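The values are calculated or read from the model by the stated rules, or taken from the named source; none is laboratory data. A quick note: this is a predicted structure, and the numbers were derived from the prediction, not measured. Counting neighbours? That spans all protein chains shown, and the Cβs are built from the backbone with ideal geometry, glycine included. With ligands, DNA and RNA removed, areas are computed over all heavy atoms of the protein, side chains included. Shrake-Rupley method; radii C 1.70, N 1.55, O 1.52, S 1.80 Å.
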Amino acid sequence: MSGTFVGMPAFPEAAREALTDSQLRHNLAHATSTIRAKRAKVVAEVPDWEELRLAGAAVKERALLDLETQLVRLEETLTANGATVHWARDAAEANAIVAGIAKAHAATEVVKVKSMVTQEIGLNEALAEEGIAAWETDLAELIVQLGDDLPSHILVPAIHRNRAEIRDIFRSKMGAAGRPAPDDLTDEPAVLAAAAREHLREKFLRAKVGVSGANFAVAETGTLVVVESEGNGRMCLTLPEVLVSVVGIEKVVSRWEDLDPMLRLLPRSSTGERMNPYTSMWSGIAPGDGPQEVHVVLLDNGRTRALADEVGRQALRCIRCSACLNVCPVYERTGGHAYGSVYPGPIGAILNPLLKGVGHDEQTDSLPYASTLCGACFEVCPVRIDIPSVLVDQRAQVVDAHRGGVPKPEAMAMKGAAYVLGRSRRLSAVERLTGIGMRFARRFGPTAWTGARDLPDAPGESFRDWWLRTDGGRTDGGRNDDQKG
Amino acid sequence: MRVALMVTCINDALYPSTGQAVVRLLRRLGVEVEFPQAQTCCGQPMVNTGYLDEAVPVLRTFVDAFAGYDAVVTPSGSCAGSARHQHSIVAGRSGDEALQEAVAKLAPNVYELSEFLVDVLGVTDVGAYYPHRVTYHPTCHSLRMLGVGNRPQRLLEAVRGIRLVDLPGADQCCGFGGTFAVKNADTSIAMGADKARHIRETGAEIVVAGDNSCLTHIGGVLSRQRSGVRTVHLAEILASTEDSAVAEVTR
Amino acid sequence: MPDARTEILARVREALVGSAIDPVQTVAPRAATPVATRELVDLFAERVADYRAVVERCSAEDLEDRIAAALPAGQVIVPPGLSLRVPDAIVDDGTLTAAELDLIAAVVTEARVGIAETGTIVLDHTPDQGRRAISLVPDTHICIVREDQVVADVPEAIALLDPARPQTWISGPSATSDIELDRVEGVHGPRTLHVLITPPRDVTS
Ligand code: SF4
């Protein structure tokens, strides 16, 4: 097979470019192998890990299958706790709500806790258009923001950067955004972390408005949960007068006790720790403690589309731990940018098409093919998302979306193959041409296959012909094991 | 027990020696396999590329060919996985209830070779002799879709004369992935190159796996690198005896 | 056009037509941890120390001395309901701003729950622990955990905690893994976490 395949350009081309960056490949291989080992160690500590995964999957599945009730309940409890609940169908609506709140307080800047959903909706850019600066306060987000870069990992958006690169970014860019990096900045991680602490502290101390996402939202109690490491989350959630949390509607869990399996699964899967340094929980407004004006924006932005997909729905269970990225052999080599989305890696390969729908743009359509279906992602996913099965189903949806009209060469090849493989007689006839085909492929010069791989020698006869000629080897006189080249 | 050999389309066309090895091996163990001539392919290339409608006629052929056998044995983890886990999806797509029923009946009877030997025949020592330094690559589908576990290693450990060496990063995918190998050729080759490097590091003469599709990819990279390491299917090692070793040397 | 709320809920309803709620209520397995209090506290101490927090165990009588020894130079703040006296400490009355708190070197608080399996301390910010900002901004956090507050695992902690209260779960000092996925202690939260484990209040005499 060759020629233009469905969805060919996007991921493969981006990946090709990424693969030529040996520094990137080195950074990624180092980082992912470190985190894989850490995860494996702390997961091995939990004897009932598989049951815990089942419990985690069940918590999310129950809430998703009962989502209408759970969302209404969440709205009720949040409101009763003094929070203001907003609903947003899409990114533009959510961004307008957040900007409106900031403007109501005459804020010209907001401090942000790292959140995937605000990246998904492009909140920082939308706020910038309204003249509001959004400061990312997570270390990796800061590196990305200062470096005018794009995130490449869910947990560690700057995973593609090594310490020396980070030092250079801090040196050259911190000054323009606030407190400059100290002159004697080295590339020691502890020194870099200290520089980030100094740089961001003044922003935390003066910020009037904080913006966050949430890892979980408990419908029964109106509690939001943010899981983090550095304390920047605590700063943003505690010090400003006003807090706005943008929460995807899939983040809801029904009951308080549902947090139990989730809080055990997430840190071990994510940073490979028994527990992350800080988890903050708040149920609306706590009088005299923290922000006294609390907003929650419940966001759809494609989630109901994903929910309607019976196979793909399970992707909404995702708790963004990034374990699937860290074990993915494709991600490890291409990095996150190749996926063209804030959600890279195996989860991105299914979530993007589920949120956006397939058949509209080549980039999205290429994502379900960005996998060998090796299954490593499913094996580690704490909420048991069967990513390979969803990938295969998404591929079928991509193909179906392109049925009708002029068939692409791949579709014709598949139809041809279906015809040949539909009858052994036809296959047998084609097999006799295998040798010619292989010789042709070799002569044809570098193709997608032969660019860096040799082809095997074609055998003299097919198995099927051998069986007929020798009665299944019974009349073969022992010369049946020397075929392989 | 009536046992059918599902040789797979790639073995049929490109690696008949693997199919022949299965026949020889099972015959030595007292099992006469039949080869239903109507068989073609499991349909996986279509399913994994997203062409479900196109896979339906292929599945019908598969079901017609293998219905009625007590066991269907195949020297491919990937094709066994396809039969066990994907055929129901294709049958569901067809809307044909008879086909769905037939698949439900047939799927559990499909065994990858090492599963058939260890679980059905209950043997790990198959009486093989193979005097080579060998490293084993567990293919993803055998490892994760089927869960063959250490069955292949147990079978290999019992082979006389063999020197088995551990493969670093063994559970990492080799980068084949069916149409992935051409749709995302650059990534596939990058993965294959890492796999080949690990294989060379072991100093093995032979890399063995339970799937010739992955071995085609790995072998293609190794051969392009002029590494001198050969790829051999698990069935061929298990089928080897002192006689065939002599034959190999004298040939 | 219907409002966003109505439309989103309608989309949800439509998406789930024909899907039954899974009736299975899977119960999460308990974490395997020792049961005897003594062992629990040992495990707790060990696991907190794993995060490179400073962990000390001491009698109730020694507590004030240990606190004094642990305090860095500079001012110290305590919550209004702290059950013991810290000499020269500022007692928080809720009026200090974040910038003012930034000039304070240390805070001493109690805790609500300690989780042995994960080495986690949970604050629920009652008066013995104070509002969230005071245990966040100062660079040293001295936290007193009583042995009877230590539970085995996360499910036990969840069952004890009141969801209506704001909570901070703390597992070691502030840390980041953002540079090459290597853990480094000390970013925005307190860079020193000093945990003092003491016997239950009522059995000391
Ligand atoms: S899909 Fe699973 S493994 Fe991947 S980020 Fe989401 S929860 Fe983690």
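Taking every protein chain into account, the accessible area of the protein assembly as shown amounts to 36 square angstrom per residue (probe 1.4 Å).
Only protein heavy atoms count here; under a 1.4 Å probe, A:Asp48 has an accessible surface of about 50 Å². Length, then width, then depth: along the principal axes, the Cα atoms of region C:32-200 run 44, 44, 34 Å. Calculated from DSSP H runs of 4 or more alone, at -39500 (n - 2.57) each and per residue, what is the 222 nm mean residue ellipticity of chain C, nearest 500? So the calculated ellipticity at 222 nm is -6000 deg cm²/dmol. In the complete set of protein chains, residue-level accessible area for B:Leu164 is approximately 60 Å², probe 1.4 angstrom. Applying 1/(1 + (r/R0)^6) with r as the Cβ-Cβ distance of C:Arg57 and A:Ala29 and R0 = 41 angstrom yields a FRET efficiency of 0.45.
In region A:11-304, taking the dipole from charged Cβ atoms about the Cα centre, the farthest positive-side position among A:Phe216, A:Ile166, A:Leu155 is held by A:Ile166.
The distance linking region A:29-104 with region B:188-209 is 41 Å (Cα centroid to Cα centroid, whole angstrom). Of the listed residues A:Glu75, A:Glu410, the order by accessible area with a 1.4 Å probe, largest first, is A:Glu75, A:Glu410.
Would you mind telling me the antiparallel percentage of the DSSP bridges in the protein assembly as shown, rounded to 5? If I count the DSSP bridges inside the protein assembly as shown, around 25 percent turn out antiparallel. If I build a Gaussian network model for chain C, linking alpha-carbon pairs within less than 10 angstrom, which residue out of C:Gly18, C:Gly172, C:Gly130 has the largest mean-square fluctuation? Residue with maximal mean-square fluctuation among C:Gly18, C:Gly172, C:Gly130: C:Gly18. Over the C-alpha atoms of chain A, the Rg to Rh ratio, Rh being the Kirkwood estimate, stands at 1.05.
Working from Cα pairs under 8 Å separated by at least six residues, relative contact order for region A:1-127 is 14 percent.
Neighbouring Cβ atoms from other chains, within 10 Å of the Cβ of residues in B:170-181, number 5 on average.
Compared with the dominant principal axis of the Cα atoms in chain B, helix B:52-66 is inclined by about 80°. What would the Debye formula give as log10 I(q)/I(0) at q = 0.16, 0.24, 0.30 Å⁻¹ for the alpha-carbon point model of region A:375-420, no solvent? With no solvent term, the Cα-only Debye profile gives -0.59, -0.84, -1.04. The alpha carbons of region B:133-250 give a radius of gyration and a Dmax of 14.1, 43 Å, in that order. In chain A, helical runs assigned H by DSSP with n ≥ 4 each contribute -39500 (n - 2.57); averaged across all residues and rounded to the nearest 500, the mean residue ellipticity at 222 nm is -15000 deg cm²/dmol. Residues of region A:126-161 buried by at least 40 Å² of accessible area upon assembly of all protein chains, compared with the chain on its own (1.4 Å probe): A:Leu139, A:Val156. Ordered by 1.4 Å accessible area with all protein chains kept, C:Thr97, C:Thr126 run largest first as C:Thr97, C:Thr126. For region A:340-396, the convex hull drawn through the C-alpha positions has a volume of 75 cubic angstrom per residue. The distance from the alpha carbon centre of region B:138-153 to that of region B:1-39 is 20 Å, rounded to a whole number. Only bridges whose two residues both fall in chain A count here: according to DSSP, what percent of them are antiparallel, nearest 5? Among the beta bridges of chain A, antiparallel pairing accounts for roughly 25 percent. Taking R0 as 51 Å, what's the FRET efficiency between C:Ala73 and C:Ala36 from their Cβ-Cβ distance, rounded to 0.05? Result of the calculation: an efficiency of 0.80. Per-residue mean of foreign Cβ neighbours for A:328-337 is 4 (Cβ atoms of other chains, 10 Å radius). Taking all protein chains together and rolling a 1.4 Å probe, A:Leu52 ends up with roughly 0 Å² accessible. In chain B, helices alone account for a calculated mean residue ellipticity at 222 nm of -13500 deg cm²/dmol, with every DSSP H run of four or more residues adding -39,500 (n - 2.57).
What the Cβ-Cβ distance of A:Arg474 and B:Ala38 gives, at R0 = 22 Å and to the nearest 0.05, is a FRET efficiency of 0.60. For region B:53-87, a decrease in accessible area of 40 Å² or greater in the assembled protein chains relative to the isolated chain, with a 1.4 Å probe, applies to B:Glu54. For A:Gly178, the shell of other residues with beta-carbons less than 13 Å away shows a net charge of +2, using +1 for Lys and Arg and -1 for Asp and Glu. Per residue of peptide A:303-310, the mean number of Cβ atoms on other chains within 10 Å of the residue Cβ is 4. The ratio of the alpha-carbon radius of gyration of the protein assembly as shown to the globular-protein estimate 2.2 N^0.38 Å is 1.03. Counting only cysteine Cβ atoms and a cutoff under 4.7 Å, chain A contains unmatched residues A:Cys236, A:Cys318, A:Cys321, A:Cys328, A:Cys381.
For region B:3-120, what is one quarter of the convex hull surface built on the Cα atoms, given in nm²? Kindly include the intermediate steps, with their values, before the conclusion.
On the way: hull surface 26.5 nm².
Over all viewing directions, region B:3-120 projects a mean Cα-hull area of 6.6 nm².
In what sequence, largest accessible area first, do A:Glu17, C:Glu117 appear using a 1.4 Å probe?
Numbers: A:Glu17 135, C:Glu117 20 Å².
Order by accessible area, largest first: A:Glu17, C:Glu117.
Phi angles across region A:31-46 convert, under the Karplus curve 6.51 cos²θ - 1.76 cosθ + 1.60 with θ = phi - 60°, into 3J(HN,Hα) values of 5, 5, 6, 4, 6, 4, 5, 5, 4, 4, 5, 6, 6, 5, 5, 9 Hz, Gly and Pro given as x.
Highest mean first, the peptides C:148-154, A:184-190, B:15-21 sorted by other C-beta atoms within 10 Å per residue fall in the order B:15-21, C:148-154, A:184-190.
With +1 on each Lys and Arg Cβ and -1 on each Asp and Glu Cβ, how big is the dipole of the protein assembly as shown about its Cα centre, in debye rounded to the nearest 20?
Working: 96 positive and 123 negative charges, 644 e Å.
Dipole about the Cα centre, nearest 20: 3100 debye.
If you find the alpha carbon centre of region A:298-342 and of region A:170-201, how far apart are they in angstrom? Value for the Cα centre distance between the two parts: 32 Å. Around the amide H of C:Val187, modelled in the peptide plane, lie the amide H atoms of C:Ser174, C:Ala175, all under 5 Å away and 5 or more residues distant in sequence or on another chain.
Here the relative contact order of region B:3-120, from alpha carbon pairs under 8 Å that lie six or more residues apart, stands at 29 percent.
Could you tell me the total accessible area buried at the B-A interface, probe 1.4 Å, in square angstrom to the nearest hundred?
Working: alone 11460 and 23220 Å², together 28460 Å².
What B and A bury together is about 6200 Å².
To the nearest ten degrees, helix A:434-443 and the longest principal axis of the Cα atoms of chain A are 60 degrees apart. With the charge dipole of the protein assembly as shown set up from +1 on Lys and Arg Cβ and -1 on Asp and Glu Cβ about the Cα centre, the Cα lying farthest toward the positive end among the listed residues C:Pro199, A:Gly359, A:Asn95 is that of A:Gly359.
Return the carbon/sulfur percentage of the accessible area of region C:32-200, one whole number, probe 1.4 Å, all protein chains in place.
On the way: 2960 of 5850 Å².
Solvent-exposed carbon and sulfur of region C:32-200 make up 51 percent of the total.
Counting pairwise Cα distances across chain B, what percent come out greater than 35 angstrom? Please list the in-between numbers first.
Details: 4121 of 31375 pairs.
For chain B, the fraction of Cα-Cα distances above 35 Å is 13 percent.
Here the accessible area is traced with a 1.4 Å probe on the protein chains. For chain A, carbon and sulfur cover 53 percent of it. For region C:32-200, relative contact order (Cα pairs under 8 Å, six or more residues apart, normalised by length) works out to 29 percent. To the nearest ten degrees, helix A:163-177 and the longest principal axis of the Cα atoms of chain A are 40 degrees apart.
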